[in-house]
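Beneath this line is the structure, given in structure tokens, with notes to follow.
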Amino acid sequence: MLDHGSQFWSNGATHARLVGTALVLAVPVAVAVGVLASSRPRLAGVALAVAGVIITIPSFALFGLLIAPLGLGFRPAVATLALYALLPVLRNTIVGLAEVPADVVEAARGMGMTGRQALWRVRLPLALPVIIAGVRVATVMIVGITTIAALITAGGLGTFIFDGLRSGDRTEILAGTVTIVALALAFDGCLAVVERFLRRHAPRESRTAPLRVAA
């Protein structure tokens, strides 16, 4: 493993890029659908059901399904990872918005905010820590799933694991596995810091008390 340092860092960067690109695609879609579904129970049920079905599809099968239209390499890998990332973010967006106190929203509307303004200035800021918690779950999950992307020539740290399996090199398998775990912990740690910061600086009901009086 140490003899291939440049390849190690290159595959590590590719692994992180696959995860990051998938999140960039999945998070806005999941949050947007979650916002729409938060006030539409039927849509919420359908969206969660569809995302739930996707996440139950075995990784090998979903990668295989997307190879036909997208070919091998980066694109089908990112598409697969993005699909897997939808459910945790979607679910936490719906839950986070549902947990925003109704009187806080009513106070904002009483101050003259439109529904859209209340969403951006009150509801989403209060729900953001819960949404980030969903992003954490999705990130750790797809860091592991990205390992399989090596089988469709997308690269990543899974390359070392599968090369080690073919050659019988246990050291290479162990090094690849440990590095993937470390990458997952690094992503999770960074997002945990963001989540704690948002919870610490989230708008409090005490800050909206003047709004309720004015309303």
Exercise for review: Being touching a residue at least 40 places away in the same chain (Cβ under 8 Å) and part of a helix (DSSP H, G or I) is the filter here, so list the residues in the range 97-108 that pass it.
Suggested key: Leu97, Ala98, Asp103, Val104, Glu106, Ala107, Ala108
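Yes or no: Arg42 of a type in the set (D, E, K, R), touching a residue at least 12 places away in the same chain (Cβ under 8 Å) and in a helix (DSSP H, G or I)? Walk me through it before giving the result.
Values: of a type in the set (D, E, K, R): yes; touching a residue at least 12 places away in the same chain (Cβ under 8 Å): no; in a helix (DSSP H, G or I): yes.
Criteria not met by Arg42.
Just checking, which of Met141, Met113 is at pLDDT below 90 and in contact with a helix residue (DSSP H, G or I) (Cβ under 7 Å, 6 or more places away or on another chain)? I'd like the intermediate steps shown before the answer.
Values: Met141 fails: at pLDDT below 90.
Among Met141, Met113, only Met113 is at pLDDT below 90 and in contact with a helix residue (DSSP H, G or I) (Cβ under 7 Å, 6 or more places away or on another chain).
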Review point. Does the range 55-64 contain at least one residue that is in contact with a Lys or Arg (Cβ under 8 Å, 6 or more places away or on another chain) and in a helix (DSSP H, G or I)?
Key: no
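Determine if the range 46-69 includes at least one residue that is in contact (Cβ under 8 Å) with a residue 60 or more places away in the chain and under 16 Å from Gly134 (Cβ atoms). Explain how you work it out, then say what you get.
To start, the set of residues in the range 46-69 that are in contact (Cβ under 8 Å) with a residue 60 or more places away in the chain comprises 59-60, 63, 67.
Going one step further and asking which of them are under 16 Å from Gly134 (Cβ atoms), we end up with none.
Scanning the range 46-69 turns up no residue that is in contact (Cβ under 8 Å) with a residue 60 or more places away in the chain and under 16 Å from Gly134 (Cβ atoms).
Thr56: under 30 Å from Leu97 (Cβ atoms), surrounded by fewer than 14 Cβ atoms within 10 Å (Cβ to Cβ) and of a type in the set (S, T, N, Q), yes or no? Steps first, answer last, please.
Values: under 30 Å from Leu97 (Cβ atoms): yes; surrounded by fewer than 14 Cβ atoms within 10 Å (Cβ to Cβ): yes; of a type in the set (S, T, N, Q): yes.
Judged against the criteria, Thr56 is a match.
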Point to revise | Selected residue (only one of Ala49, Ala82, Ala68, Ala102 is of a type in the set (A, V, I, L, M) and surrounded by 14 or more Cβ atoms within 10 Å (Cβ to Cβ)) | key: Ala82
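The values are calculated or read from the model by the stated rules, or taken from the named source; none is laboratory data. Everything quoted here is computed from the prediction, not taken from an experiment. Every residue, glycine among them, receives a Cβ derived from its backbone with ideal geometry; neighbour counts consider all protein chains shown.
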